[in-house]
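The values are calculated or read from the model by the stated rules, or taken from the named source; none is laboratory data. Not measured: the values here are computed from a predicted model. Here the Cβ is made from the backbone with ideal geometry for all residues, glycine too, and neighbour counts use every protein chain on show. The protein model used for the area step is the full one, side chains on, heavy atoms only, and it has no ligands, DNA or RNA in it. Shrake-Rupley method; radii C 1.70, N 1.55, O 1.52, S 1.80 Å.
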Amino acid sequence: MTLAAIICGILFTACGGGSKSGLKKNQFLGALPAIYADYELKETSLKERAKKVANSGSLKKMVKEAQRQEEESTKNSAKFEADRKAEIKKIAGKTIPVSFKTPLWYDITAATLADNDDGTPTIVLTAKALDDVTVRSSDGPNMSNFYCRFLDKNGAVIAQTAVMLYYLTWGQTKTFAAGDALKTYEGKDPQIYVDMRDPKGMVNFASLEFVSFEEYTK
């Protein structure tokens, strides 16, 4: 029993409750960072175990391990999908604080965590033009993209991403009056989404900061 307990701890198997990664909940993202980190820890432990069995040179052990790997990986994936979708439903609707590094041609009037059916952690932006402006696809990246950074409570950058305004990349010219809503596609508002690519690294996430292309590429 002692040996089993040791192995359980090393391999991060589901031998008990709680997060195996030990990550705390985030005020906006809840347990998402831990859910993503736990999933990757389990997958990594499965791969490491498979390598050890392969190094043993026993074909019988390798066949048995391959079957076990498939079963455990399937269970791990199913648990991950269920846990993250459930957590996203819990945090949906939370408002994310927004700031600007320097003044830009648009304003973000709301940034809200969304409840997506596919389970992808997403922030929906509501944006508007600050002044009357005509935008062309040839005007450059500052006009066809939003650039935002994920900051911690001390203002340190955790990650950053670019959000493309698709209708400005198809050679079209768009004219906005001051206060007009900006959106990714025609016909829906809002339609600007920021996807979180690596929630496990967002345990200290506190706000979004919007920057210029020049600031984004520094």
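Among the residues of the range 4-20, are any closer than 28 Å to residue 210 by Cβ, assigned to a loop (DSSP other than H, G, I, E, B), open to solvent by 50 Å² or more (accessible area, probe 1.4 Å) and at pLDDT below 95? Within the range 4-20, none of the residues are closer than 28 Å to residue 210 by Cβ, assigned to a loop (DSSP other than H, G, I, E, B), open to solvent by 50 Å² or more (accessible area, probe 1.4 Å) and at pLDDT below 95.
Check whether at least one residue in the range 186-200 is within 14 Å of residue 99 (Cα to Cα) and in contact with a strand residue (DSSP E or B) (Cβ under 8 Å, 6 or more places away or on another chain), and report yes or no. Within the range 186-200, not a single residue is within 14 Å of residue 99 (Cα to Cα) and in contact with a strand residue (DSSP E or B) (Cβ under 8 Å, 6 or more places away or on another chain).
Considering the range 132-168, and only residues there that are hydroxyl-bearing (Ser, Thr, Tyr) and outside any strand (DSSP E or B), the residue that is modelled with the highest pLDDT turns out to be 144. When the residues of the range 102-122 are filtered to those that are free of Cβ contacts under 8 Å to residues at least 40 places away in the same chain and hydroxyl-bearing (Ser, Thr, Tyr), the one that is farthest from residue 215 (Cα to Cα) is 112. Contact annotation: residue pairs with Cβ atoms under 6 Å, 6 or more positions apart or on different chains, pairing a residue in the range 79-101 that is farther than 20 Å from residue 150 by Cβ with a partner that is open to solvent by less than 50 Å² (accessible area, probe 1.4 Å) and part of a helix (DSSP H, G or I), are 83/35.
Restricting attention to the range 98-131, the residues being in contact with a Ser or Thr (Cβ under 8 Å, 6 or more places away or on another chain) and charged (D, E, K, R) number 2.
Taking the conditions exactly as written (outside any loop (DSSP other than H, G, I, E, B), of a type in the set (Gly, Ala, Ser) and in contact with a helix residue (DSSP H, G or I) (Cβ under 7 Å, 6 or more places away or on another chain)), does residue 54 satisfy them or not?
Spelling it out, residue 54 is indeed outside any loop (DSSP other than H, G, I, E, B), of a type in the set (Gly, Ala, Ser) and in contact with a helix residue (DSSP H, G or I) (Cβ under 7 Å, 6 or more places away or on another chain).
Within the set 217, 173, 184, the sole residue that is under 18 Å from residue 105 (Cα atoms), under 22 Å from the mean Cα position of the chain (by Cα) and without any contact (Cβ under 8 Å) to a residue 40 or more places away in the chain turns out to be 184. From the list 79, 85, the one residue that fits, being of a type outside the set (S, T, N, Q) and in contact with a Gly (Cβ under 6 Å, 6 or more places away or on another chain), is 85.
On the basis of being part of a helix (DSSP H, G or I) and surrounded by fewer than 15 Cβ atoms within 10 Å (Cβ to Cβ), does residue 47 make the cut? Judged against the criteria, residue 47 is a match.
The residue of the range 102-131 that is most open to solvent (accessible area, probe 1.4 Å), among those that are assigned to a loop (DSSP other than H, G, I, E, B) and closer than 22 Å to residue 176 by Cβ, is 103.
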